[in-house]
Amino acid sequence: MKINQVEQAVGITRKNIRFYEEQGLLHPLRNPVNGYRDYTEEDVSLLLKIRLLRRLSIPIGEIRQLQENRLSFTDCIQRHIVCLDQEKHNLSLIQEMCGELCSENTEFDSLPAADYLEKMQQLEKGGTRFMDIVKEDQRKRKYGALTGASIMILLMAFMIAMFVWGHTIEPIPVGIFLFFLAIPVIIIICIIVALYQRFREIEGGEEHEAVKY
């Protein structure tokens, strides 16, 4: 079965399908003639299950545990119900606080932010979770940095592979070979170091000092 047929059968895009493959949830066979993915009815059935669980907000990690029989389906659903109850409770408290702000006819200029932040801190001690804008921003920045670094690393790896392949076809002096091979390797190392430093900056570096609250 081709991927466009799977898209129609499951109701998701090929981008979603590729993502689940990258996450190790789906392992389609390869056509020995052309190397294309050859999806089976079992793959379609699995994707339908994954789609259902994802629409219920079951995390990818737990779906993987279900596949590997490291988590029973009943335990997974019961655990998720507990999480949903907690989220519902959190939302009700947030809604209640928003209602208080609305009923007080408070304007932005006279907003008693310190009082409400103190109240939020007390609620958080009891287990209530409010959205952390800083952490959400950090996650997005990390994803962007990781994506850019991954593209560059893959490009350098491709250059290494092509250079090695060319050397097997038409060998050159070892010294020259190692010199040109070292260039993309050094670039990859520099990218990894820069990515590590970027992550440290994102997690609490100078650029976030002005937005901490």
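The values are calculated or read from the model by the stated rules, or taken from the named source; none is laboratory data. In this text, all values refer to a predicted model and were calculated from it rather than measured experimentally. Here the Cβ is made from the backbone with ideal geometry for all residues, glycine too, and neighbour counts use every protein chain on show. The protein model used for the area step is the full one, side chains on, heavy atoms only, and it has no ligands, DNA or RNA in it. Shrake-Rupley method; radii C 1.70, N 1.55, O 1.52, S 1.80 Å.
Cβ separations smaller than 8 Å between residues 6+ apart or across chains give the following pairs from segment 172-187 residues that are within 14 Å of Phe158 (Cα to Cα) to residues that are open to solvent by less than 50 Å² (accessible area, probe 1.4 Å): Leu181/Ile160; Pro184/Met156; Pro184/Ala157; Pro184/Ile160; Val185/Met156; Val185/Ile160; Ile187/Met156. Selection of first residues in segment 1-17 that are under 15 Å from Asp38 (Cα atoms) and touching a residue at least 12 places away in the same chain (Cβ under 8 Å) and of second residues that are hydroxyl-bearing (Ser, Thr, Tyr) and open to solvent by less than 60 Å² (accessible area, probe 1.4 Å), restricted to Cβ pairs under 8 Å at least 6 apart or on distinct chains, gives the following pairs, ordered by first then second residue: Met1/Tyr39; Met1/Thr40; Lys2/Tyr39; Ile3/Tyr39; Gln5/Tyr39; Val6/Tyr39. The conditions of being among the β-branched types (Val, Ile, Thr), under 30 Å from Lys119 (Cβ atoms), in a helix (DSSP H, G or I) and open to solvent by less than 70 Å² (accessible area, probe 1.4 Å) are not met by Ile77. Considering (1) under 30 Å from Gly127 (Cα atoms); (2) open to solvent by 100 Å² or more (accessible area, probe 1.4 Å); (3) aliphatic (A, V, I, L, M), the lone condition that Ile58 does not fulfil carries the number (2).
Of all the residues in segment 37-49, those that are assigned to a helix (DSSP H, G or I) and in contact (Cβ under 8 Å) with a residue 24 or more places away in the chain number 5.
Within segment 150-163, residues that are within 21 Å of Arg198 (Cα to Cα) and of a type in the set (Lys, Arg) reach no partner that is outside any helix (DSSP H, G or I) and at pLDDT below 90 with beta carbons closer than 8 Å at six or more positions or on different chains.
For residues in segment 22-36 being open to solvent by less than 70 Å² (accessible area, probe 1.4 Å) and touching a residue at least 12 places away in the same chain (Cβ under 8 Å), which is nearest to Asn69 (Cα to Cα)?
Top of the filtered list is Leu25.
Being over 27 Å from Gly127 (Cβ atoms), surrounded by 16 or more Cβ atoms within 10 Å (Cβ to Cβ) and free of Cβ contacts under 8 Å to residues at least 60 places away in the same chain is a description that does not apply to Leu52.
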